[in-house]
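Presented below is the structure to which this report refers.
The values are calculated or read from the model by the stated rules, or taken from the named source; none is laboratory data. Because the structure is predicted, anything quoted here is derived from the model rather than measured. No Cβ is skipped: glycine too gets one built from the backbone with ideal geometry, and neighbour counts run over all protein chains shown. The protein model used for the area step is the full one, side chains on, heavy atoms only, and it has no ligands, DNA or RNA in it. Shrake-Rupley method; radii C 1.70, N 1.55, O 1.52, S 1.80 Å.
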Amino acid sequence: MNSGLSLAEKLSIAGETTALGLVVVFACLILLIVVIMILSVILRDRKKPESKLEKAIEKPLPEMPTVQVQDDELLAVLTAAVAAAMESEGSSTPFVIRSYRRTGGSRAWNRAGRDSQITNW
Amino acid sequence: MENFGETLSDFLQSTGFFNATDWQQWVMIGIACVLLYLAIVKKFEPLLLLPIAFGMLLTNLPIAEMYHTELFAGGHVDWANFQGTAGLLDYLYLGVKLGIYPPLIFLGVGAMTDFGPLIANPKSLLLGAAAQLGIFVALILALLVGFDPNVAASIGIIGGADGPTAIYVTSKLAPEFLGPIAVAAYTYMALVPVIQPPIMKLCTTKKERSIKMEQLRHVSKREKIIFPVAVTIFVSLLVPAAAPLVGMLMLGNLMRESGVVDRLSNTAQNELMNIVTIFLGVSVGATTNGSVFLSGTTVGIIVLGVIAFGFGTFGGVLLGKLMCKLTHGKVNPLIGSAGVSAVPMAARVSQKVGQAENPSNFLLMHAMGPNVAGVIGSAVAAGVLLSLFG
């Protein structure tokens, strides 16, 4: 364990390395802090309209009247339909249908048909 | 009958028992067994210590010729004689010597790391920088006790508390000391829960330790995807020598966060990481030749290594205290100690010490920020040392 360096040489190497090392490490990480902050500001601005939309979606849905008489067959059909739709979207979250409610007649189907005619080309 | 006796005597003379005249080899086999015990029974970083210890055992078996120090003498691979003499471990060691394994390990580390806490609180990068203090304190001390500057730099990097980084730097700067430095680095990483708490408690008051920190903000997926790309560009431009480590770390992270290459991310985290760990461990263990390992130098490296860890912790906690003062008590200084890397052990230590003071305090996620910043910090410090002494 003898490097053959004089004490002055050792101290100068040690001082230079330490000063340069710490300065570079701090400079580099401070630069990263600036980069992260700029990125988060840019990305946050763009997110604003999205977050409004999210809020709208997150509004609690009006409480639905629960069906008193349970129709097992209808429940099975609804479960199958939801499962098929979810599977086609690649989601596999398990679910249980707790309530269902008839919406305004056949308008939903009419709209779905019209939408598919308009958007499919 | 005479013929049989001759054959038997020839056989006996070819055994390791007959040729084991070097006491150092036996001592090394003993040390290997102790390290195996520490890895298996005491669970000291067993994933690496076990292969390292076994590599140590293999390389010190008399006349088994599994590893040849002379092929790598002087820091260069002796390609002219390589094919003729190389054994299994020589071939595996090429991955260390040529700097292939540590960046591949970093690829897996990146794929396993969530940089979310760091992006949510970018100031924690400062703690990751301050905790590199240990590297430079150990380097200064190593120079003063008479180590060559390149060896002193390799000893200092133990304070980065990052095994692959330590191996990467040492294989380039002081390959002859790879064995003791790797063993010291991994042993101390396992001992982080023993080394850090006393220093953390010594530097902080009871009030500081029980500070609760605000919940971290949500980090969007887009931020997490852009982060690795930005870090790679900026760090590699500033410290080009850190590019292999930081680049692979961030590639792994991008594979994880992008969500479009789950198969690659899984392979990097599991199969690839495990394969490389085996190769890295065994071949690093193989460099622990008795004549090099059993010397005062190893003792010096071990002592300086623990000093490096201690000062790293001290630096992190000290800056944590400063940040606590500046933010009027919003930062718990205990998260500073996690800046030494040693992911995720150091962050767990911050959590544990904090919880000892206030059982309802959860510092883990706050400590993960400095913790992953420490990985980037030690890679940058490694880059600086490589460009200065390489």
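Over its Cα atoms, what ratio of radius of gyration to 2.2 N^0.38 Å does the stretch B:92-212 give?
Working: Rg = 16.6 Å, N = 121, 2.2 N^0.38 = 13.6 Å.
The stretch B:92-212 yields a ratio of 1.22.
Go through the stretch B:40-48 residue by residue and turn each phi into a ³J(HN,Hα) via Karplus (6.51, -1.76, 1.60, θ = phi - 60°); whole Hz please, and just put x for glycine and proline.
After applying 6.51 cos²θ - 1.76 cosθ + 1.60, I find 7, 8, 8, 6, 7, 5, x, 4, 9 Hz.
Sorted by accessible area with a 1.4 angstrom probe, largest first, how do B:Ile226, A:Ile38, B:Ile29 fall? Intermediate results must be reported in sequence, preceding the final value.
Values: B:Ile226 55, A:Ile38 95, B:Ile29 25 Å².
Most to least solvent-accessible, the answer reads A:Ile38, B:Ile226, B:Ile29.
Can you tell me what percent of all Cα-Cα pairs in the stretch B:48-158 are more than 21 Å apart? Walk me through the intermediate numbers first.
Details: 3751 of 6105 pairs.
That tail contains 61 percent of the Cα-Cα pairs.
Calculate how large, on average over all directions, the projected area of the Cα convex hull of the protein assembly as shown is; give the answer in nm² to one decimal.
Working: hull surface 151.3 nm².
The Cα convex hull of the protein assembly as shown, projected and averaged over all directions, gives 37.8 nm².
Leaving ligands, DNA and RNA out of it, work out the accessible area of B:Phe115 with a 1.4 Å probe and give it in Å² to the nearest 10.
The accessible area comes out at roughly 10 Å².
Starting from 0 in steps of 10 Å, tell me what percent of the Cα-Cα pairs of the stretch B:242-390 lands in each bin.
For the stretch B:242-390, the pair-distance distribution reads 10, 25, 34, 24, 7, 0.
If only Cα atoms are counted, what is the Rg of chain B, and what is its Dmax, in Å?
So, for chain B, Rg and Dmax equal 22.4, 91 Å respectively.
Output wanted: per-residue J couplings in Hz (rounded whole) for the stretch B:371-377, from phi through Karplus 6.51 cos²θ - 1.76 cosθ + 1.60, θ = phi - 60°, x for Gly and Pro.
Taking θ as phi minus 60°, the curve returns 4, 6, 5, x, 4, 5, x Hz for the stretch B:371-377.
Give the residue from B:Leu57, B:Ala381, A:Gly113 lying farthest towards the positive end of the charge dipole for the protein assembly as shown; charges sit on Cβ (+1 for Lys and Arg, -1 for Asp and Glu) and the dipole is referred to the Cα centre.
The Cα lying farthest towards the positive end belongs to A:Gly113.
In terms of solvent-accessible area of protein heavy atoms at a 1.4 angstrom probe, what is the ranking of B:Arg348, B:Arg222, B:Arg209, highest value first?
B:Arg348, B:Arg222, B:Arg209
Applying a 10 Å radius around every beta-carbon, put B:127-136, B:173-182 in order of their mean neighbour count, most first.
Details: B:127-136: 31.6, B:173-182: 24.3.
My ranking of the peptides, most packed first, is B:127-136, B:173-182.
Over the whole of A:30-43, what's the average partner chain Cβ count within 10 Å per residue? Rounded to a whole number, please.
Numbers: counts 5, 6, 15, 9, 2, 8, 14, 3, 1, 7, 9, 0, 3, 6.
Mean partner shielding for this stretch: 6.
³J(HN,Hα) across the stretch B:269-279 via Karplus (A = 6.51, B = -1.76, C = 1.60, θ = phi - 60°), whole Hz, x for Gly/Pro?
Taking θ as phi minus 60°, the curve returns 6, 10, 4, 4, 4, 5, 4, 5, 4, 4, 4 Hz for the stretch B:269-279.
Let me confirm one metric for peptide A:10-16, namely the mean number of other chain beta-carbon atoms within 10 Å of its residues' beta-carbons. If you can, show how the numbers build up before the last one.
On the way: counts 9, 3, 1, 8, 10, 3, 1.
Other-chain Cβ atoms within 10 Å of each residue's Cβ, averaged: 5.
Hey, if we sort B:Phe82, B:Phe11 by accessible area with the 1.4 Å probe, largest down, what's the order?
Values: B:Phe82 10, B:Phe11 125 Å².
From most exposed to least exposed: B:Phe11, B:Phe82.
So what is the relative contact order of the stretch B:60-124, in percent, for Cα pairs below 8 Å that sit 6 or more residues apart?
On the way: 25 pairs, mean separation 15.8, N = 65.
Relative contact order comes out at 24 percent.
For n ≥ 4 DSSP H runs only, could you compute -39500 (n - 2.57) per run for chain B, divide by its residues and tell me the 222 nm figure to the nearest 500? Intermediate values should be presented prior to the final figure.
On the way: 23 runs with 278 residues, N = 390.
So the helix-based figure for chain B works out to -22000 deg cm²/dmol.
Which loop-located GluC sites (Glu not before Pro) does the stretch B:1-68 contain, where loop means any DSSP state but H, G, I, E or B and the Cβ has at most 16 other Cβ atoms within 10 Å?
Here the sparse-neighbourhood loop sites are B:Glu65.
At a probe radius of 1.4 Å, what is the per-residue accessible area of B:Ile302, in Å² to the nearest 10?
Around 60 Å² of this residue is reachable by solvent.
Less than 10 Å Cβ to Cβ from B:Ile119, Lys/Arg counted +1 and Asp/Glu -1: what total charge do the surrounding residues give?
Its environment carries a net charge of 0.
Under a Cβ-only charge scheme (Lys and Arg +1, Asp and Glu -1), can you give me the dipole magnitude of chain B about the Cα centre, in debye to the nearest 20?
Values: 21 positive and 20 negative charges, 511 e Å.
With Lys and Arg at +1 and Asp and Glu at -1, about 2460 debye.
Tally Lys/Arg at +1 and Asp/Glu at -1 over every other residue whose Cβ is under 9 Å from the Cβ of B:Gly329; what's the total? Mind showing how you got there, number by number?
Details: positive: B:Lys207, B:Lys325, B:Lys330; negative: B:Glu208.
Value of the local net charge: +2.
Any number yet on Rg/Rh for the stretch B:302-390, C-alpha, Kirkwood? Let's see the in-between values first.
On the way: Rg = 14.0 Å, Rh = 13.6 Å.
Rounded to two decimals, Rg over Rh is 1.03.
Across peptide B:218-227, how many C-beta atoms of other chains are within 10 Å of each residue C-beta, on average? Walk me through the intermediate numbers first.
Working: counts 0, 3, 6, 1, 5, 7, 0, 0, 6, 5.
Across B:218-227, the average partner-chain Cβ count within 10 Å equals 3.
Give me the net charge of A:Ser3's neighbourhood, meaning all other residues with Cβ under 15 Å from the Cβ of A:Ser3; Lys, Arg count +1, Asp, Glu -1.
-2
With every protein chain present, what accessible area does B:Glu70 have (1.4 Å probe, heavy atoms only), rounded to the nearest 10 Å²?
Solvent-accessible area, nearest 10 Å²: 110 Å².
Show me, bin by bin at 5 Å from 0, the whole-percent P(r) of the stretch B:153-279 based on Cα pairs.
2, 9, 12, 13, 16, 17, 16, 11, 4, 0
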